[in-house]
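For reference, the structure is listed below as structure tokens.
The values are calculated or read from the model by the stated rules, or taken from the named source; none is laboratory data. If you're wondering where the values come from, they're calculated on a predicted model, not measured in any experiment. Backbone-built Cβ (ideal geometry, glycine too); neighbour counts: all protein chains shown. These accessible areas exclude ligands, DNA and RNA; they are computed on the full protein's heavy atoms, side chains included. Shrake-Rupley method; radii C 1.70, N 1.55, O 1.52, S 1.80 Å.
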Amino acid sequence: MDITPLLWSIALLFLAALGVPLVRAFTVTREDCEGPVGTFIGPFLLAVYLIALAMGLVIGWDHYQQADADAADEASSVIDIYWGTQAYSPDDAERVRAAARDYVAAVTEDDWPLMRAEGELSEEGDVAMTRLRAAVGQAAGNGMPEADRIAALEETRTLMNQRMMRADSAGESVPLGLTVTAALSGLAVVVLPLAMGARGSRTRILWGTVTGLTVFISVAVMLTLNNPYRGLLEAGTDPYEEAVAEFDRIDELPPPT
């Protein structure tokens, strides 16, 4: 299940609105403040919130970094395939180079928008990957030296594996239970101090509001890290654009003698 920005914004606003009736309904007495509520329950809820928040942020950040590294590795593999066409016949080289360019175009124009919107890869990208593998396989079977043939086929297998890794990265990274835990415990962290004396202390109301905004923003940031291809941070298509520039440079090289 993918949590869209609209849905989690509504959920967080609902939690914020829920805090008002909770404060009014469950006012904590002085005896409770000096007893288990103030000495154990409050610190415990704060610890749960901070642990859940920290885990969510770390998971989301690591997922983003991995997605960024995967994109760079995949673009590098396509460059290797393109560079390897110097060992092909002219017709095979032209066919493989065209397929490599089509694949990069499918990744940036079809895969990326769909990964941002739905967390999935595109059928156009799958078709382009199949055509590239077929073109390399055909070229490798046209009398290439054994070492070059094995290297060419291995490069396409590597690229296919990297595409599968990108498909895995396109899904959610932060567990939904962790997000819910952070949101609910954060709500409790906001409500409890206000319930301990909201009616008689402007200071408590002020810092309760500051705490509420802090919790809201922190949980929102965690949710934006849920998908590494959209949100506050997102893995971009720069490596593939650099690959196209490298293709142009390779095309300008004189043919091997």
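Some points to look at:
- Exactly one residue among V210, V221, V191, V244 is open to solvent by 30 Å² or more (accessible area, probe 1.4 Å) and modelled with pLDDT under 80, and that residue is V210.
- Residues that are among the hydrophobic types (A, V, I, L, M, F, W, C) and either under 15 Å from D168 (Cβ atoms) or under 12 Å from the mean Cα position of the chain (by Cα) (or both) within segment 118-130 comprise just one, L121.
- First in segment 147-169 and in a helix (DSSP H, G or I), second anywhere and open to solvent by 70 Å² or more (accessible area, probe 1.4 Å) and at pLDDT 90 or above, Cβ under 6 Å, 6 or more apart: E155/D80; T156/R133; Q162/D73
- Subset tally (residues that are over 28 Å from the mean Cα position of the chain (by Cα) and surrounded by 14 or more Cβ atoms within 10 Å (Cβ to Cβ)) for segment 147-156: 5
- Check on A235, modelled with pLDDT of 80 or more, part of a loop (DSSP other than H, G, I, E, B) and touching a helix residue (DSSP H, G or I) at 6+ places or on another chain (Cβ under 8 Å): yes
- Selection within segment 119-136 - assigned to a helix (DSSP H, G or I) and surrounded by 14 or more Cβ atoms within 10 Å (Cβ to Cβ): E124, G125, D126, V127, A128, M129, R131, L132, R133, A134, A135, V136
- Every residue from segment 114-155 that is of a type in the set (S, T, N, Q) and at pLDDT below 90: Q138, N142
- Considering residues of segment 162-191 that are over 23 Å from the mean Cα position of the chain (by Cα) and aliphatic (A, V, I, L, M) only, the residue nearest to Q66 (Cα to Cα): L184
- Qualifying residue in segment 96-109 (condition: part of a helix (DSSP H, G or I), in contact (Cβ under 8 Å) with a residue 24 or more places away in the chain and closer than 27 Å to L223 by Cβ): yes
- Identity of the residue in segment 137-146, closer than 19 Å to D80 by Cα and not in a helix (DSSP H, G or I), that ends up least open to solvent (accessible area, probe 1.4 Å): M144
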